[in-house]
Amino acid sequence: MRKLGMTLFWLILGGLGAAAVVAAPNTDDKARTMDDFIDRVIMHEIRTNQQIRQYSPLVETYIQNLKPDKELGYVPAGDKYFLGRADFSEGVALVSLTDPKSKGSKIIGSMGNFFSFAMQFLPSGFLQMVFIDTNGFDKQHYKFDYVRREFLGEVRCLVFDVTPQEKPDKGRFLGRIWVEDQDFNIVRFNGRYTGGSHSRSYIHFDSWRTNVQPGLWVPSLVYSEETEPRNALAKKLHFKGQTRLWGYNLGHAAQEQELSKIFVETSVQDDTKSANDLTPVQAQRSWDRQAEENVADHMERIGLMAPQGEVDKVLETIVNNFEVTNNLDIDPKVHCRVLMTTTLESFTLGHTIVLSRGLIDVLPDEASLATVVAHELGHVVLGHRVDSNYAFFDRLLVEDRNTFRHFYIARTPAEEQAASAKGFQFLNNSPYRNQLGNAGLFLAALQFSGRQSCEPGRPDAC
């Protein structure tokens, strides 16, 4: 499994943060006609656009370039990755978290601006697809044709085909929308932008929203694909892309919950130890633990690491299986956390094992998951520590865009090799030892895909 030596994507996660509570619209007065229903859809879409502009969620875009193959159709031919924080306050803008050349500068986009003149992808263009139309989504500019009723999961929707009026302006939407029938919110729209001189350069997309609070639906996922571009300049450009958004109210939800909690005081026996009560080894372990907790807390606060949850418990059960079957007594206890990105990453922060959401999603079975955990547990047992300087809180006062350059937790090749050997030893003594066939096939396929994604003539990009 390839590790990122520059820790570009290692510290990435956070979960869809709880958004500010927004009062649900009054639905006592039900829509009685289709025109009345459409009027309410338009009104709520305008309100949704205004609500979204209050937030600065994390945005992750993964693009996979494709090339035609005579036997397989289209096959992968390299990829691109962007991570940033959205700024909707003044339109559509991105502050990059992974591009050291950006220095935190904003990338401003306009409707349909997906490529630069050098035919490079512009991440802000993919972010634009969370909006249907910011320049007038109304009956004056669009025709609405009812299609049918349909369920999206458990959400009951009415489906409409949306078509711009004659001679549309730049960036008008052409496609289909799904409207939940309780509060008239658009929860999905599928199609492309059209109109203006850029009409033939727009790409197709499928944009989804998630209900995070009563009456509030926010963008969460956009899928885009183009294998037959109509733009002459991009006729050889084939790709698939996915944009994810999360962390809409980072840093505030937990604080507000703390203030609203009710605690019942009971008699408590103070058994804490001061620094002078600890042995030198215990003091060092405590200091290292402080450092790893500081880094994890910082990652969670800015939305790169998911809050502790059920997935962590599943991973920690696997760790416990290794500890029991290998007679391991690890102090302090090993914890597991999850990153929110789709990159295939795993690493350790001292005694904390971190796996990315993308890696967990693609692992074929528990034995394969255990293989990855075993490798990281090898780092823990071998004492590969996190920099103890992170125990000083001033080391955490860093802007979001500088996070990846500030926290450096890469392992040396020798450490990686030693952890692999130790992990293999754990697996041989574990309940998973006879179930590793899929794990071997997965790792071989991953290694092959990594070589395929390298840019021709650019071994440094692998």
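Annotations for the structure displayed:
- Output for segment 177-191, where each listed residue is of a type in the set (D, E, K, R) and outside any loop (DSSP other than H, G, I, E, B): Glu180, Arg188
- Evaluation of Leu174 against the conditions (1) modelled with pLDDT of 90 or more; (2) farther than 18 Å from Leu127 by Cα shows that the sole unmet condition is (2).
- Per-region count, segment 372-399, residues among the acidic types (Asp, Glu) and open to solvent by 70 Å² or more (accessible area, probe 1.4 Å): 2
- Whichever residue in segment 400-415 is open to solvent by 50 Å² or more (accessible area, probe 1.4 Å) and in a loop (DSSP other than H, G, I, E, B) and, among such residues, is modelled with the highest pLDDT: Thr412
- Lone unmet requirement of (1) open to solvent by 40 Å² or more (accessible area, probe 1.4 Å); (2) of a type outside the set (A, V, I, L, M, F, W, C); (3) in contact with a Pro (Cβ under 8 Å, 6 or more places away or on another chain) for Asp361: (3)
- Note on segment 149-176: among residues that are in a loop (DSSP other than H, G, I, E, B) and over 28 Å from the mean Cα position of the chain (by Cα), the one that is surrounded by the most Cβ atoms within 10 Å (Cβ to Cβ) is Pro168.
- The set of residues in segment 306-342 that are under 29 Å from Tyr81 (Cα atoms), in a helix (DSSP H, G or I) and either open to solvent by 50 Å² or more (accessible area, probe 1.4 Å) or of a type in the set (Asp, Glu) (or both) comprises Glu310, Val311, Asp312, Val314.
- Extreme residue, modelled with the highest pLDDT, among residues of segment 195-219 that are polar (S, T, N, Q) and either part of a loop (DSSP other than H, G, I, E, B) or touching a helix residue (DSSP H, G or I) at 6+ places or on another chain (Cβ under 9 Å) (or both): Ser207
- All positions within segment 170-184 that are over 7 Å from Thr194 (Cα atoms) and of a type outside the set (Gly, Ala, Ser): Arg176, Ile177, Trp178, Val179, Glu180, Asp181, Gln182, Asp183, Phe184
- Residue in segment 432-447 that is more than 25 Å from Gln242 (Cα to Cα), open to solvent by less than 70 Å² (accessible area, probe 1.4 Å) and at pLDDT 90 or above present: yes
The values are calculated or read from the model by the stated rules, or taken from the named source; none is laboratory data. These numbers come from a predicted model, not from an experiment. Note: ideal-geometry Cβ built from the backbone for every residue, glycine included; neighbour counts use all protein chains shown. These area figures cover heavy atoms from the full protein model, side chains too; ligands, DNA and RNA do not enter into them. Shrake-Rupley method; radii C 1.70, N 1.55, O 1.52, S 1.80 Å.
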